[in-house]
Amino acid sequence: MSIAAASHGFLSPTGVEIAFLLVGLATFGAALVTVTTRQLVHAALWLVVTLGGLAVEYLLLTAEFIAWVQVLIYVGSVVVLLLFGLMLTKAPIGRSPDADSGNRWAALTVAVAAAAALVWVVVDAFRTTWIDLDGAAAGSTKATGESLFQNWVLPFEALSVLLLAALVGAIVLSRKAKAAAAAPQVPAATRAPGTHGDPGAKEGVR
């Protein structure tokens, strides 16, 4: 246990810890709006707020490099890719009644189970670890880069392939929509005699 842990307890939080809690609550609220709104564009914009809140949390934990990576990759790339996909698929700007699949309770159950598992893993991994928020940064850009490209290079490359697949899927959906809209219409002159609106049918009746 470090000096920071011995100097104060949970009943006497510091200003950084209070700011961390407030930003966390705001980020949690933005995440709830992201998954509950039926306006796709609004969901993407609230996702920007959520990811920006996570970047602020990293800054409060003295992880400046991770915070800027969060901004550059997720806020600057992933959200832009989502908006690009929405524009390609011509998603409606207003409310989308068909955005709800009807499996809310199943999705809620999976979300709660995943959140509980993540919280348990994090608490169990850092049960005896204390971070001195007022001290120097524990990590550096060099150490983080070496860890990322040595131990996590495969998930990093898998994420890039996933983003590429999402972009290709958006383009494919856009091409299908354009092909359906450009389908040739059957002209009235080629309709069979006796159909509605055919001049030949009217002459036969006479």
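Here are some notes:
- Paramagnetic label reach from residue 45 (point 7 Å along Cα→Cβ; backbone nitrogen cut-off under 15 Å): within segment 57-80, residues 80.
- Gained length - residue 17 relative to residue 118, 0.36 nm times residue gap less alpha-carbon distance: 34.3 nm
- The calculated FRET efficiency for the pair residue 172 and residue 144, based on their C-beta separation and a Förster distance of 41 Å, comes to about 0.70.
- Multiplying the residue separation of residue 104 and residue 164 by 0.36 nm and removing their Cα-Cα distance gives an extension gain of 18.7 nm.
- Solvent exposure of residue 68, expressed as accessible area, is near 150 Å², computed with a probe of 1.4 Å over the protein chains only.
- Label separation (residue 73 vs residue 111): 2.5 nm, computed from points 7 Å beyond Cα along the C-beta direction.
The values are calculated or read from the model by the stated rules, or taken from the named source; none is laboratory data. Predicted model, so just to flag it, every value in this text is computed and none were measured. Heads up, the Cβs are rebuilt from the backbone with ideal geometry, glycines too, and the neighbour counts pull from every protein chain shown. Ligands, DNA and RNA are stripped out before the accessible areas are found, and what is left, the full protein with its side chains, is counted by its heavy atoms. Shrake-Rupley method; radii C 1.70, N 1.55, O 1.52, S 1.80 Å.
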